[in-house]
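Each value in this text was obtained by applying a stated rule to the coordinates, not by laboratory testing. Remember, predicted model here, so these are calculated numbers, not experimental data. FYI the Cβ positions are ideal-geometry reconstructions off the backbone, even for glycines, and counts take in every protein chain you see.
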Amino acid sequence: MNVDFERCQSSNVVEPLGDDVRSLLGMPATDLDQIVNLCKRRGFVYPSAEIYGGFRSTYDYGPLGSLLLRNVKDAWVRAMVQQRDDVVLIDAAILGPPEVWQASGHLANFSDPLVDCTECKTRHRQDKLDDPNTCPNCGAIGSFTEARQFNLMFKTQAGPVADAGADAYLRPETAQGMFTNFASVLQTSRKRPPFGIAQVGKSFRNEITPQNWIFRTREFEQMELEFFVPPADGPSWYEYWCQHRLEWYRDLGIPDSMLRLRAHDDDELSHYSTGTADVEFMFPWGWDELEGIAQRTDYDLTQHAQHSGERLDYFDQATNERYVPYVIEPAAGATRTMAAFLLAAYDEEKVNDEVRTVLRLHPRLAPYKIAVLPLSKKETLTPLAQEVRRLVSDRYMTDYDETQAIGRRYRRQDEIGTPLCVTVDFDSLDDKAVTVRDRDSMEQTRVPIDQLLGELSGRLGF
Ligand SMILES: [Zn+2]
């Protein structure tokens, strides 16, 4: 059921808080609508092409969402590349020739079985039907056509001539870029197994049933690592990456109760995989995948070596051995991870008989780290407030807001997850100090402007 777009259409109406919402006070969001509404109202995520009625299950990331999504990807690159000495980053092309997808197996196997209902003319994924003989739309029994395989890759043409030689595909995963560049990276980076190649970028899958807002969309963003190891070390590195990846989500604020690692059953495994586990998040619709960690053996490099005729292996001079490395692949979805962080961070609490909505985002993820708020719009305050803004924005993504009562501006920053507000008031003109207000505790502290950056950095942790 494709309800996500309709959800967004009606979401600019701010509903009064009912009893069902009040019962959630002090808890992460359990209703997707809470987040979808907030995201549309505050400029995180909009339905794409909305002035033309929207484009199915496609979303645009607004002023705050684009910052949040970028911060999610930056946090991944920081943990996976910057803080290690054994992983390098690449950025491969989205367009690729059929040869790549032939070798990877996507042309032959990356498909879903589709059936049409001859009664109501709706199309369904056969493997997702509760009852393979009953149409979930009209209830007709035995009305389905034979299943046809539907390839999920977007096909297009490169160049002005539409012949078969011009066929190209939008990548359905970033991973193949790491395999096709394996030899070049090995040669130019001076790395040797165990080492990894990481990539963050867009992928495209022509999903038959995109669903659950930005969780499953046809255009999405991935954060993938291919980690190449000597074959005997595969199992221990697999264990390592499972734990390491789980930690990453924890470190950025997802509580243990909403996170789990689930090993795949044997019948879920690809034929070449010797073990796969999913990092799962407790979404409003139940446990669902944020990331898969797979042992892919030497399947991918061997396939590309056979199809390309190039040698894709490693010669270990210490042991005088030549081998095709085994691969451990932690593959995460950036956009669905962003949704998980939003859901986990969402909180409502009662303050002075009013409900305060707070996004308790980790400071690294928060779109704005700091908001500079002059107490009043009076001209006497503006020069100093702007000076403070320039000082802070040189180091941190900073919002500047000078209209409305200060209490309402604090609430607005709480709702978009800004960890710290800096208020410039009339006393500031004399004492050269400002008030720093904490999002979570709402505590306020007076800080001299010449010590402000140190104070902010100490509180944010960076
Ligand atoms: Zn039907």
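Brief remarks on what is shown
- Whole-angstrom gap from segment 306-346 to segment 390-428, using each part's C-alpha centre: 41 Å
- Karplus-derived HN-Hα couplings along segment 319-328 (A = 6.51, B = -1.76, C = 1.60, θ = phi - 60°), whole Hz, x at Gly and Pro: 9, 6, 10, 10, 8, 8, x, 7, 10, 10
- Karplus-derived 3J(HN,Hα) values for segment 393-404, using 6.51 cos²θ - 1.76 cosθ + 1.60 with θ = phi - 60°, are 6, 5, 10, 10, 4, 10, 9, 10, 9, 10, 10, 6 Hz; glycine and proline are entered as x.
- Take every Cα pair under 8 Å whose residues are at least 6 apart in sequence, average their separation, divide by the length of the chain, and the relative contact order is 14 percent.
- Whole-Å distance, taken between Cα centres, linking segment 167-195 and segment 112-166: 32 Å
- Listed peptides 127-136, 418-427 by packing density, highest first (mean Cβ within 10 Å): 418-427, 127-136
- Sequence ranges 156-166, 303-313, ranked by mean other-Cβ count within 10 angstrom, highest first: 303-313, 156-166
- Here the spin labels are modelled as points 7 Å beyond Cα on the Cα-Cβ line, and at A93 and D450 they lie 5.7 nm apart.
- The chain: calculated mean residue ellipticity at 222 nm from DSSP helix runs of at least 4, using -39500 (n - 2.57): -8500 deg cm²/dmol
- Packing-based ranking, highest mean first, of 268-277, 72-81 given that Cβ atoms within 10 Å are counted: 72-81, 268-277
- Averaging the sequence gap over all C-alpha pairs within less than 8 Å and six or more residues apart, then dividing by the number of residues, gives segment 259-328 a relative contact order of 24 percent.
- 3J(HN,Hα) along segment 171-186: 4, x, 7, 7, 4, 5, x, 6, 6, 6, 9, 3, 5, 5, 5, 4 Hz, from the Karplus curve 6.51 cos²θ - 1.76 cosθ + 1.60 with θ = phi - 60°, whole Hz, x for Gly and Pro.
- 5 angstrom amide H check on F154, placed H, neighbours 5+ away: L170, N206
- Relative contact order, percent, segment 368-460 [alpha-carbon distance under 8 Å, six or more residues apart]: 30 percent
- Extension gain, S270 back to T209 (0.36 nm per residue minus Cα-Cα distance, nm): 19.8 nm
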